[in-house]
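The values are calculated or read from the model by the stated rules, or taken from the named source; none is laboratory data. Predicted model, so just to flag it, every value in this text is computed and none were measured. Ideal geometry is used to build each Cβ from the backbone, glycine not excepted, and the neighbour counts take in all protein chains shown. We work out accessible area using only protein heavy atoms, side chains counted, and drop any ligands, DNA or RNA first. Shrake-Rupley method; radii C 1.70, N 1.55, O 1.52, S 1.80 Å.
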Amino acid sequence: MGDTSLGRYNKNPRIRVQKAENVNKALEFITSRGVKLTNIGPEDIIDGNLKLILGMIWTLILRFTIADISEEGLSAKEGLLLWCQRKTEPYKEVDIQDFSLSWSDGLALCALIHRHRPDLLDYDKLDKTDRRGNTILAFTIAAEHLNIPQLLEVEDLCDSNHPDERSVMTYIASFFHAFSSMDQAETVSRRVEKFAELMQSVWVSRNDYERRIRILLSALSGTQSQWADTPFSGTYTDAKELSMDFATYKQTTKRAWVTERQDLATLFGNVQTKLKTYGLRDYVPPSGLALSDLDEAWKRLLAAEATRSRAINAQIREIKESLRKQFADLANDFERRLHAISNKLTAIEGTLESQQQQVQEIQTRLPALKGVLANVASVEAECAAANVEENDYTVFTCQDLEFELELLNLSVGQKIAFIDNQIVSRNMTNLTPAQLEQFESAFRYFDKDETNTLSLPEMTAALASLGIVYTDEDMILIFEDLTQAYGAVTYEAFINLLVDITEDQTSPEQLREAFRGIATDKPFVTELDLRIAHLPQPAIDYLREAMPRTSKEAGEPEYDYERWLDDVFA
């Protein structure tokens with residue numbers, strides 16, 4: 001009941017007075033421990049008053065064994081009963097409602113033992129109907145393994161109609177104290193286990209934090225070094241690829257880093273929170289691995305990103321400006337060369353042969369311009385690929401220059417054709433100037449594509465406009481002969497054909513007679529007359545423009561073919 005010494009007492013009392021002194025000293029000690037004793041004195045104990053002695057013993061048991069039991073705010077009997085109910089709750093055959101009949105089948109005792117020491121008995125294999133066997137098993141295990149003395153007999157529980165409540169409660173209190181010490185040991189173990197688990201968790205989190213922050217810092221540094229070591233090749237394609245790579249980096253790699261940075265901050269905060277929760281010392285990361293170090297590295301990354309972005313954009317702007325100037329230099333130079341050749345073509349003079357030689361020399365220079373224009377087109381394509389839409393250094397486009405080159409080629413071709421035709425005309429001494437003018441006018445009028453040659457339909461219409469009409473079969477034969485002789489119906493071939501025709505078949509008088517026949521002897525001819533004569537439409541159109549109209553203002557136009565022939569053959 002206590003560790004305090006009672007002082008001197010009679011260890012071998014022989015007389016009643018000595019016994020009374022010893023009993024009185026014990027009662028005084030009991031009273032000093034707060035136990036109130038009523039109606040009992042030394043004489044009652046010495047004389048063996050069983051009722052009073054048993055009452056005092058129960059008082060002592062209640063005070064020193066049961067009174068200190070507490071469960072969820074309840075104490076003594078109610079607390080012990082609640083403890084038993086909670087411990088045996090998982091066992092469906094056990095229903096503890098008191099400290100009497102609820103213990104008579106021994107299952108409640110076996111359940112308490114199994115709940116705390118499942119290694120001592122297998123509850124599931126118990127014969128639930130063997131009341132005495134279960135009780136004996138519980139008493140034996142409690143005495144041999146739990147150091148709980150057998151305060152009751154089997155008959156006290158199993159054979160009594162109402163087991164003594166105080167005796168049962170006293171015995172069950174021994175289980176409470178035995179298992180409470182075990183629970184305390186388990187609590188201590190769990191406390192140490194929980195602390196170990198906490199420290200292991202903190203250790204794992206710290207290692208994870210340090211490993212991941214090292215990887216992140218290394219990645220930030222490595223990317224910056226890579227940027228610093230990546231040269232610019234100077235082409236727009238390279239610069240654009242770098243720009244796209246940088247955009248991809250910001251959308252993928254950097255976003256992953258942003259997430260990882262936030263996760264590291266959260267992980268670090270969780271470690272510190274765990275430590276503070278248990279009053280432990282704060283975690284201090286190794287040198288260079290603190291969140292502040294990561295913040296500084298992040299600032300350096302942002303600065304490097306800004307530098308990288310400006311460098312790429314500056315490179316792109318520089319390349320675009322260079323392309324503008326390159327294209328402008330080529331385009332402007334090309335246009336100057338075209339202008340110089342055009343001026344030289346315009347300034348040609350001298351004899352026809354000399355002019356012919358000069359134009360041919362100019363013509364030999366034109367193929368080289370096509371190669372130069374191809375370079376201009378190539379640079380323009382580079383500008384288009386670089387999205388260069390405006391250029392303040394030139395007003396020309398490749399399309400403009402291509403058009404001007406085609407126009408110059410056409411002008412040179414026309415100049416050569418004109419000079420060749422003039423040489424042919426000059427050599428035709430058997431034709432009058434008026435005839436040459438008429439023939440040349442007809443040739444040029446029907447040379448619609450300005451190739452200085454006539455197709456079969458064009459030749460047919462040109463001859464018809466001069467009053468020369470053949471059957472289709474004859475016209476095809478004439479066309480084939482000229483093509484075989486001259487390679488095509490050139491101006492020279494056409495003039496020679498007309499010379500042959502005029503010398504052999506046609507005279508001014510014959511033409512007058514032909515027109516009179518078409519006009520049915522009228523001094524004029526109308527468009528209807530020409531159509532009735534089945535002249536081709538191109539010939540009709542030419543004659544309408546060439547022949548002068550009469551003074552008649554109303555009605556169908558009348559054309560004075562007499563005056564026109566006089567002018568032609570004058």
Checked the stretch 461-479 for anything open to solvent by 40 Å² or more (accessible area, probe 1.4 Å) and either of a type in the set (S, T, Y) or assigned to a helix (DSSP H, G or I) (or both); matches are Y470, T471, D472, E473, D474, I476, L477, F479
Top-ranked residue in the stretch 175-223 [being modelled with pLDDT of 85 or more and among the polar types (S, T, N, Q); ranked as nearest to H145 (Cα to Cα)] | Q200
D449 vs. criteria within 30 Å of Q358 (Cβ to Cβ) and either in a helix (DSSP H, G or I) or charged (D, E, K, R) (or both) = yes
With I148, I172 as the choices, which residue is assigned to a loop (DSSP other than H, G, I, E, B), out of contact with any His (no Cβ under 6 Å at 6 or more places or on another chain), over 30 Å from P286 (Cβ atoms) and among the aliphatic types (A, V, I, L, M)?
-> I148
Here are A514, A493: which of them is closer than 27 Å to D567 by Cβ and open to solvent by less than 30 Å² (accessible area, probe 1.4 Å)?
-> A493
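In the list D245, D238, which residue meets the criterion of being open to solvent by 80 Å² or more (accessible area, probe 1.4 Å), within 30 Å of S322 (Cβ to Cβ) and of a type in the set (D, E, K, R)?
Details: D238 fails: open to solvent by 80 Å² or more (accessible area, probe 1.4 Å).
Only one candidate qualifies: D245.
Given the structure, is D504 within 19 Å of F569 (Cβ to Cβ), at pLDDT below 90 and open to solvent by 80 Å² or more (accessible area, probe 1.4 Å)? Before the answer, list the steps.
On the way: within 19 Å of F569 (Cβ to Cβ): yes; at pLDDT below 90: yes; open to solvent by 80 Å² or more (accessible area, probe 1.4 Å): yes.
Here the answer is yes, as D504 does meet what is asked.
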The correct count of residues that are open to solvent by 50 Å² or more (accessible area, probe 1.4 Å) and in contact with a helix residue (DSSP H, G or I) (Cβ under 6 Å, 6 or more places away or on another chain) in the stretch 284-294 is 0
Pairs, first touching a residue at least 40 places away in the same chain (Cβ under 8 Å) in the stretch 535-559, second open to solvent by less than 60 Å² (accessible area, probe 1.4 Å) and part of a loop (DSSP other than H, G, I, E, B), C-beta under 8 Å, six or more apart = L543/L535
Which one of these does F443 not meet: (1) over 25 Å from I348 (Cβ atoms); (2) among the hydrophobic types (A, V, I, L, M, F, W, C); (3) part of a helix (DSSP H, G or I)?
-> (1)
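Looking at F327, is it more than 40 Å from the chain's Cα centre (by Cα), surrounded by 13 or more Cβ atoms within 10 Å (Cβ to Cβ) and at pLDDT 90 or above? Talk me through it step by step, then tell me what you get.
Details: more than 40 Å from the chain's Cα centre (by Cα): no; surrounded by 13 or more Cβ atoms within 10 Å (Cβ to Cβ): yes; at pLDDT 90 or above: yes.
Against the criterion (more than 40 Å from the chain's Cα centre (by Cα), surrounded by 13 or more Cβ atoms within 10 Å (Cβ to Cβ) and at pLDDT 90 or above), F327 does not qualify.
Restricting attention to the stretch 269-283, report how many residues are among the hydrophobic types (A, V, I, L, M, F, W, C), under 38 Å from the mean Cα position of the chain (by Cα) and open to solvent by 40 Å² or more (accessible area, probe 1.4 Å). Explain how you work it out, then say what you get.
From the stretch 269-283, those among the hydrophobic types (A, V, I, L, M, F, W, C) are 271, 275, 280; that's our starting set.
If we keep only those that are under 38 Å from the mean Cα position of the chain (by Cα) as well, we get 271.
Adding the requirement that they be open to solvent by 40 Å² or more (accessible area, probe 1.4 Å) leaves none.
Residues that pass the stated criteria total 0.
How many residues does the stretch 248-259 hold that are part of a helix (DSSP H, G or I) and either touching a Pro at 6+ places or on another chain (Cβ under 6 Å) or open to solvent by 40 Å² or more (accessible area, probe 1.4 Å) (or both)?
Going residue by residue through the stretch 248-259, those that are part of a helix (DSSP H, G or I) are 248-251, 253-259.
Pick out the ones that are also either touching a Pro at 6+ places or on another chain (Cβ under 6 Å) or open to solvent by 40 Å² or more (accessible area, probe 1.4 Å) (or both) and you get 248, 250-251, 253, 255-256, 258-259.
The total comes to 8.
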Test for F524: is it in contact with a Ser or Thr (Cβ under 9 Å, 6 or more places away or on another chain) and under 21 Å from Q438 (Cα atoms) = yes
I423 passes all but one of (1) in contact (Cβ under 8 Å) with a residue 24 or more places away in the chain; (2) open to solvent by 30 Å² or more (accessible area, probe 1.4 Å); (3) in a helix (DSSP H, G or I); which number fails?
-> (2)
Conditions (1) in a helix (DSSP H, G or I); (2) closer than 20 Å to E492 by Cα -> K370 fails only (2)
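In this structure, does A442 turn out to be at pLDDT below 80 and of a type in the set (G, A, S)? Let's see the steps before the verdict.
Details: at pLDDT below 80: no; of a type in the set (G, A, S): yes.
No; evaluated as a whole, the condition is false for this residue.
Do we have N409 as surrounded by fewer than 18 Cβ atoms within 10 Å (Cβ to Cβ) and in a loop (DSSP other than H, G, I, E, B) here? Lay out the reasoning, then the answer.
Details: surrounded by fewer than 18 Cβ atoms within 10 Å (Cβ to Cβ): yes; in a loop (DSSP other than H, G, I, E, B): no.
Taking the combined requirement at face value, the residue does not satisfy it.
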Mind checking which pairs have a first residue in the stretch 137-153 that is without any contact (Cβ under 8 Å) to a residue 60 or more places away in the chain and a second that is open to solvent by less than 80 Å² (accessible area, probe 1.4 Å) and in a loop (DSSP other than H, G, I, E, B), Cβ under 6 Å, 6 or more apart or different chains?
-> A138/G106; I141/L120; A142/I148; H145/L120
State all residues of the stretch 199-235 that are open to solvent by 70 Å² or more (accessible area, probe 1.4 Å) and assigned to a helix (DSSP H, G or I); if no residue qualifies, say none.
-> M199, Q200, W203, V204, R206, R211, R214, I215, S218, Q226, A228, D229
Could you give me the residue pairs with C-beta distances under 7 Å whose first residue belongs to the stretch 100-114 and is free of Cβ contacts under 8 Å to residues at least 24 places away in the same chain and under 14 Å from W83 (Cβ atoms), whose second residue is in a loop (DSSP other than H, G, I, E, B) and acidic (D, E) wherever it lies, and which are 6+ apart or on separate chains?
-> S102/D95
Only unsatisfied item for A374, checking (1) of a type in the set (A, V, I, L, M); (2) in contact with a helix residue (DSSP H, G or I) (Cβ under 9 Å, 6 or more places away or on another chain); (3) within 26 Å of S411 (Cα to Cα), is (2)
Test for D295: is it at pLDDT 95 or above and not hydrophobic (A, V, I, L, M, F, W, C) | yes
Reported set for the stretch 339-355 where residues are open to solvent by 50 Å² or more (accessible area, probe 1.4 Å), of a type outside the set (D, E, K, R) and either part of a helix (DSSP H, G or I) or under 14 Å from Q422 (Cβ atoms) (or both) is H339, A340, N343, T346, G350, T351
